[in-house]
Amino acid sequence: MKNACKPKKANEATNSFDDTGLPVDVSAERALVAMLMDLPKLLSEARELLGSGEIITHDGYRLLWDTLYAMEAASKPIRLGTVLQFMNANGTAAKLLEMGISLIDLPYEAKAFEFADTCVYLRNLWIKRLAIESAGKILSSVRSGESVSSLTDLMTQAAESVSAGLSFGVDPTLTDSVSESLKCMESAMTKPGALTGVTTGLGKLNRNLGGWQDSDVIMIAGRPGMGKSVAGLYHTISAAREGVPVAFLSLEMPTKSMINRLISSETQIEYGRMKKGNLTKDEFTQIHKAAGLIERLPIHFYDDYNRDINDLSYKLLNWKKRYGIGLVVIDYVQLMTDRTVKSSSEYDVLTSVSKKLKQLQRRLSCPVIELAQLNRAVEGRIGSKRAGMADLRNTGQFEQDASVVIILYRDDYYKEKAARDAAEASGRGYVEPIFDHLIEYAIVKNRDGETGTAVFWADVATNRIADQAPSVQVLTISNPPATSSVQPAWELNQVPPGEEGF
């Protein structure tokens, strides 16, 4: 807001330092309070720009700040006389007099300053104080010989504090939001399938979700053997083929296993045979060609022992700057830890992990896919083993934070298990059942669209998924299987009635 007279701007050159060496400007703090008293309608804007008033260092002006907001909450008119009456009534007026603060000239001083500039200036001083205080704690930690883990915690807290300070008042205007929305629509018009996000690689999912959205946390859950890692890698390579840099956090398997699975997908050579080295010379030549193709894809794997959400957050933020990460895949999310949570409860730890992942997703501005484990209760059921939201293991907060929740199911897994159990019980040889090579994607939560189940072709032996079974089973390396341009419409509830799982 600008006044009739030419406003003064707070000048960083006029600030001084307090006894501890922190930058302060008491005159600017006085000017801010003066403006709020003169124009109480600015109180709500000041709260948005400056938070709860921690930017004010002088006890007297902090007292005035608190008084003005207390009067606003009590619906009392704010003028010089009413402020004095209010402070006399609660005994705080005497404190101001002891500090040598007079309110008489405040309304006149307000007209000489520009509100927005003063707020930004005081906020910048506050951020500098946060940075200095944090640096002091870190230096003290180093000198006292504390562990690297404690030092890292302090650095994490410091970065979060400064980041929080920078976010105050930085809100997009309606014009900004409308412009961003129009850009997404325009971008979708130029992409196949009208995608507004990162391709999933599957036509039915793309049509239902518009791709993985930059604002989304997506949970893909299933029991062991349902194809979580297969799905995670499939969506990874689908995005990478479109030029989207992908970060894959492999918390369960080493990177070499992930690479072998990608090679299996490219060559259509069973992963099990590759792992055992049961290969012909021609197949080994194919593998080398596939490896050459894969190493040129923008995929960045992480498989270190450290699974702490705080450290991994900064790893991903660093990768965002270095590589422009456009999709994150975590396999699997319940293996993550949080050393800042003192409780030994797995639920408490994962609740914290989920909240921090949601915050991280907003900072990365890209979709995050969380592969998740379902609890064991599914296996004990009579009849259908299809799961629902209630079967997600220790994931209450994950379910709440996720924009999309997908539960995987493969009947082939249970067919094979039944055949092996029968062979063991009868003492006869194993008879391989007839597999249908289908995987169900049950969308049980979709914040911005419809839910339902879509069925895809899947070959877990070669880590492949497609909208439909490939018509040609042997493809060359230079021509990997591609999603058909003509796909059936998104189909809801394709599983037998009563067995939808949600």
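Just so it is clear, none of the values below were taken in a lab; they were calculated from the coordinates. As the structure is a computational prediction, the values presented were derived from the model and not from experiment. FYI the Cβ positions are ideal-geometry reconstructions off the backbone, even for glycines, and counts take in every protein chain you see.
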Handout entry: Stretchable slack from Thr280 to Lys76, in nm (0.36 nm times residue separation minus alpha-carbon distance)
Key = 64.8 nm
Problem - Integer Hz, Karplus 6.51/-1.76/1.60 couplings in order for the stretch 269-286, x for Gly and Pro - result: 9, 4, 4, x, 5, 4, 4, 8, x, 7, 9, 8, 5, 5, 5, 5, 5, 4
Completion exercise
Counting all Cα-Cα pairs in the stretch 191-466, those more than 27 Å apart amount in percent to 40
Exercise for the section: Give me the distance in nm between label points sitting 7 Å out from Cα along the Cα-to-Cβ direction at Ser52 and Glu432, one decimal. Expected result: 6.5
Fill in the blank from the handout: Checking rank on 270-283, 210-223, with mean other Cβ inside 10 Å and highest first, the result is 210-223, 270-283
Practice task
Bin all alpha-carbon pair distances of the stretch 210-338 at 10 Å intervals from 0 and give each bin's fraction as a whole percent.
Solution key: 11, 41, 35, 12, 1
Practice task
Taking 7 Å along the Cα-to-C-beta vector as the label spot, tell me the Arg376-Ser345 distance in nanometres, rounded to one decimal.
Solution key: 2.2
Fill in the blank from the handout: Projected area averaged over all directions for the convex hull of the alpha carbon atoms of the stretch 302-405, nm², comes out at 7.4
Practice task
Can you pull the one-decimal nm distance between simple spin-label points at Lys289 and Arg143, each 7 Å off the Cα toward Cβ?
Solution key: 6.5
Practice task
Please find the FRET efficiency linking Lys256 to Asp117, where r is the Cβ-Cβ separation and R0 is fixed at 45 Å, and quote it to the nearest 0.05.
Solution key: 0.20
Exercise for the section: Have a look at the stretch 38-139 and give its Rg and Dmax from the Cα atoms, expressed in angstrom. Expected result: 15.2, 49
